[in-house]
Amino acid sequence: MINRRNFLGLGLGAMAVAVIPGKLSAIDFRETKPKAWTATKVDDAVKEIFGSTATTEGSINLSAPDIAENGAVIPVSFDTELKATKVAVFQDANPESAVAVFTIPENAVIDYAIRIKLAKTGTVTVIAEADGKLYSVSKLVKVTIGGCGG
């Protein structure tokens, strides 16, 4: 005999499976672009991932703190109305410049929030590829030592 909880659990599980897209795909950029993850300069990492470093400023909104008291968990969020196919996050404070690369599905809303680690004060850069062009936005994030705010 099936009880109400089991019935609801099975029903919700079946519904969740029904709404999952039939085909999910992701590109493993660590495997396909290994030099991007060992690049020590942002331009080198950008060139590895996108094939070019020529960007147009704007069209992306970037939010990050001006001063981060804890460099281990810096909130970074970005959004754009561009119909981008790829978005990447870079920084120049750590030995490796690439932080994350996102392959964007068609008709997706680009409104992402992540947390990154910065060893010291540095610039966070987000680059989006849309219609064969690269768009970028950057912001300096000051990392304080010991959380003293100064």
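Computing FRET efficiency as 1/(1 + (r/R0)^6) for residue 40 and residue 63, where r is the C-beta to C-beta distance and R0 is 30 Å, gives about 0.70.
The local environment of residue 33, defined by Cβ-Cβ distances under 14 Å, has a net charge of -2 under the rule Lys, Arg +1 and Asp, Glu -1. When +1 charges are put on Lys and Arg Cβ atoms and -1 charges on Asp and Glu Cβ atoms, the dipole computed for the range 24-147 relative to its Cα centre reaches about 300 debye. Computed from phi, the 3J(HN,Hα) profile of the range 92-106 under the Karplus parametrisation 6.51, -1.76, 1.60 (θ = phi - 60°) reads 10, 9, 10, x, 9, 7, 6, 10, 7, 10, 10, 8, 9, x, 4 Hz, with x in place of Gly and Pro.
Taking a ≥ b ≥ c as the square roots of the eigenvalues of the Cα gyration tensor, the range 24-147 is prolate, since a/c reaches 1.5 or more and a/b is larger than b/c.
In terms of other Cβ atoms within 10 Å, 96, 129, 106, 57 run from fewest to most in the order 106, 57, 96, 129.
Provide the net charge surrounding residue 120, with neighbours chosen by a C-beta distance below 13 Å and charges set as Lys +1, Arg +1, Asp -1, Glu -1. Intermediate values should be presented prior to the final figure.
Numbers: positive: 117, 142; negative: 92.
Around residue 120, the surrounding residues sum to +1.
Would you be so kind as to identify which of 74, 52, 93 lies farthest towards the positive end of the dipole of the range 24-147, taking Lys and Arg as +1 and Asp and Glu as -1 on Cβ and the Cα centre as origin? Of the candidates, 93 comes out farthest on the positive side.
Read-outs: derived from the displayed coordinates by stated rules, not from any lab. All of these numbers come straight from a predicted model, not from anything done at the bench. Glycine also receives a Cβ, built like all others from the backbone with ideal geometry; neighbour counts cover every protein chain displayed.
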